[in-house]
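All remarks here apply to the structure that follows.
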Amino acid sequence: MLKLSTKGQYGVRAMFEVAKGYPDRPVSIKEIARRQEVSVAYLEQILSTLRRAGLISSVRGPGGGYLLTHGPAHISIAVILRELEGPVSIASCMDPEEGCHRVEGCVTHTLWRSLGEKIDAFLSTITLDDLLKDERLLMDAAEHDRIVTIKRAAAGQGG
């Protein structure tokens, strides 16, 4: 089945952490590594690629780290993954580096190309801001559940 590499997965997770500091709090690589349970060495490679792509900038010195170069609402997951993974290639024949000599007569070529385009289009609609909002919703739901549990426990003790 389709599988995203760890580089793409960790890259999106790292960008999510950097987005939490937007606009003025640089997020250190150690903080990202700790929160996302990823090695600093691997994150250095990923963040270096994202910095060269102009998605993040680095701030040196005490209190330094990484900052988004644009607001979280302006950075899509598709952009992050394209920088780390390249274009969506559902099958090896769709990969520009591998290519395929049967493209002209292949019944599945159009299918795989169309699927790749749909995946890319979907990922283009999701931004870091959407992920931040989802986290807030999850945190709000967890807090709500905690309050309900406390109230139920209190009601049970009084009866």
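The values are calculated or read from the model by the stated rules, or taken from the named source; none is laboratory data. Being a predicted model, the structure only gives us computed values, none of them experimental. Positions of Cβ are generated from backbone atoms using ideal geometry, with glycine treated the same way; all protein chains shown enter the neighbour counts.
If you check 2, 81, 67, which single one turns out to be in contact (Cβ under 8 Å) with a residue 12 or more places away in the chain, in a strand (DSSP E or B) and out of contact with any Cys (no Cβ under 9 Å at 6 or more places or on another chain)?
Step by step, each of 2, 81, 67 is checked, and only 67 is in contact (Cβ under 8 Å) with a residue 12 or more places away in the chain, in a strand (DSSP E or B) and out of contact with any Cys (no Cβ under 9 Å at 6 or more places or on another chain).
Results for (1) surrounded by 17 or more Cβ atoms within 10 Å (Cβ to Cβ); (2) more than 28 Å from residue 19 (Cβ to Cβ); (3) assigned by TED's automatic domain parsing to the domain that holds residue 12, shown as yes or no for each residue.
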{"position": "37", "(1), (2), (3)": "no, no, yes"}
{"position": "47", "(1), (2), (3)": "yes, no, yes"}
{"position": "50", "(1), (2), (3)": "yes, no, yes"}
{"position": "54", "(1), (2), (3)": "no, no, yes"}
{"position": "62", "(1), (2), (3)": "no, no, yes"}
{"position": "69", "(1), (2), (3)": "no, no, yes"}
{"position": "74", "(1), (2), (3)": "no, no, yes"}
{"position": "93", "(1), (2), (3)": "yes, yes, no"}
{"position": "110", "(1), (2), (3)": "no, yes, no"}
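From 156, 116, grab the single residue that is modelled with pLDDT of 80 or more and either in contact with a Lys or Arg (Cβ under 9 Å, 6 or more places away or on another chain) or not in a loop (DSSP other than H, G, I, E, B) (or both).
116
Could you tell me whether any residue of region 13-33 is of a type in the set (Phe, Trp, Tyr), under 25 Å from residue 133 (Cβ atoms) and not in a loop (DSSP other than H, G, I, E, B)?
Yes, region 13-33 has at least one match.
Which pairs have Cβ atoms under 8 Å, sit 6 or more apart or on different chains, and link a residue in region 7-18 that is among the acidic types (Asp, Glu) to one that is in a helix (DSSP H, G or I)?
17/31; 17/32; 17/35; 17/36
Would you point out which residue out of 55, 2 is under 14 Å from the mean Cα position of the chain (by Cα) and not basic (Lys, Arg)?
Just one listed residue meets the conditions, 55.
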